[in-house]
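Report on the structure given below.
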Amino acid sequence: MVTVMSGCGPDHFSRIARRYDLANTVLTAGGHHRWKRRAVAAAEVRPGQRVLDAGTGTGDLARLAAARGAQVIGADLTPAMLAIARRRGPASARWVIADVAALPFRSAAFDVVLTGFTLRHTTSLDGTLRELHRVLAPGGRLVILEFGRPPSALARALYRLYAAVIPALGGALTGHRAAYAYLVD
């Protein structure tokens with residue numbers, strides 16, 4: 001049932017879990033923190049809402065939602081990532097090992113579903129989006145934080161230059177170059 005692309009399943013992320021946040025901070029020049037705050041703000045998370053962070057990783061989006069008073073569940077396929085999320089808290093959050101394309105929650109269970117940098121790892125984007133929609137309550141909000149194609153030719157050219165160093169830099173930071181090589185595609 002694992003729906004991640006070949007070479008980037010739970011074992012893959014287990015190998016980089018310890019240095020995952022450092023690598024993200026370096027590779028985005030710290031931008032991922034700002035993007036995650038904006039994603040939670042865009043979701044308009046309010047106290048008491050039921051929030052799912054699908055593909056939570058080390059729990060950044062879950063922590064931001066919990067800080068707004070939400071009841072949060074962080075779901076991820078990688079136990080090593082969830083161990084870090086659990087350790088960082090908050091204690092009020094629940095951490096669940098789950099495949100984002102086959103979530104173990106009832107339909108319409110969440111007021112808000114957040115997912116950050118997760119969809120790129122799935123083999124069935126349509127199926128995963130259907131599953132995220134299934135667990136979202138009517139009138140709820142789904143906020144997806146993901147990279148897209150840069151809008152201008154200049155931005156695309158600059159990104160291609162940067163992308164050429166992502167595998168080497170990610171590999172140097174985590175010890176696992178392969179964990180970053182496929183992201184360029």
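Bridge orientation summary for the chain: considering DSSP beta bridges with both residues in this region, about 10 percent are antiparallel. Magnitude of the charge dipole for the chain, about its Cα centre and with charges confined to Cβ atoms of Lys, Arg (+1) and Asp, Glu (-1), is about 460 debye.
Helical runs assigned H by DSSP (4 residues or longer) give the chain a calculated mean residue ellipticity at 222 nm of -12000 deg cm²/dmol, each run adding -39500 (n - 2.57) before division by the residue total.
Using a probe of 1.4 angstrom and keeping all protein chains present, the accessible surface of the chain works out to 50 square angstrom per residue. Atom-type composition of the exposed protein surface of the chain places 58 percent of the accessible area on carbon and sulfur (1.4 angstrom probe). Please state the shape class of segment 17-111: rounded when a/c is under 1.5, otherwise prolate if a/b exceeds b/c and oblate if not, all from the C-alpha gyration tensor. Cα axes put segment 17-111 in the oblate bin.
Could you work out which residue, out of Ala164, Ala109, Ala39, moves most in a Gaussian network model of the chain, that is, has the largest mean-square fluctuation with Cα springs under 10 Å? Top of the fluctuation ranking is Ala164. Our summary gives the chain a relative contact order of 24 percent, counting only alpha carbon pairs under 8 angstrom and 6 or more residues apart. Counted by Cβ distance under 12 Å from Leu136, the other residues give a net charge of +3, where Lys and Arg count +1 and Asp and Glu count -1. Put simply, the amide H of His176, placed in the peptide plane, has no neighbours under 5 Å, leaving out anything fewer than 5 places away on its chain. In order along segment 75-89, the Karplus-derived 3J(HN,Hα) couplings, from 6.51 cos²θ - 1.76 cosθ + 1.60 at θ = phi - 60°, round to 10, 7, 7, 10, x, 5, 5, 5, 4, 5, 4, 4, 5, 7, x Hz, and Gly and Pro are given as x.
Taking all protein chains as they are arranged and a probe of 1.4 Å, the heavy atoms of His176 leave approximately 60 Å² accessible to solvent. Rounded to whole numbers, the Karplus 3J(HN,Hα) couplings from phi for segment 29-42 are 6, x, x, 4, 5, 5, 4, 5, 4, 5, 5, 5, 5, 5 Hz, using 6.51 cos²θ - 1.76 cosθ + 1.60 with θ = phi - 60°, and x at Gly and Pro.
For segment 129-159 versus segment 65-94, the inter-centroid distance based on Cα atoms is 22 Å.
The values are calculated or read from the model by the stated rules, or taken from the named source; none is laboratory data. Being a predicted model, the structure only gives us computed values, none of them experimental. With ideal geometry, Cβ positions are generated from the backbone for all residues, glycine too; neighbour counts draw on all protein chains shown. Accessible surface areas use protein heavy atoms only, side chains included; no ligands, DNA or RNA. Shrake-Rupley method; radii C 1.70, N 1.55, O 1.52, S 1.80 Å.
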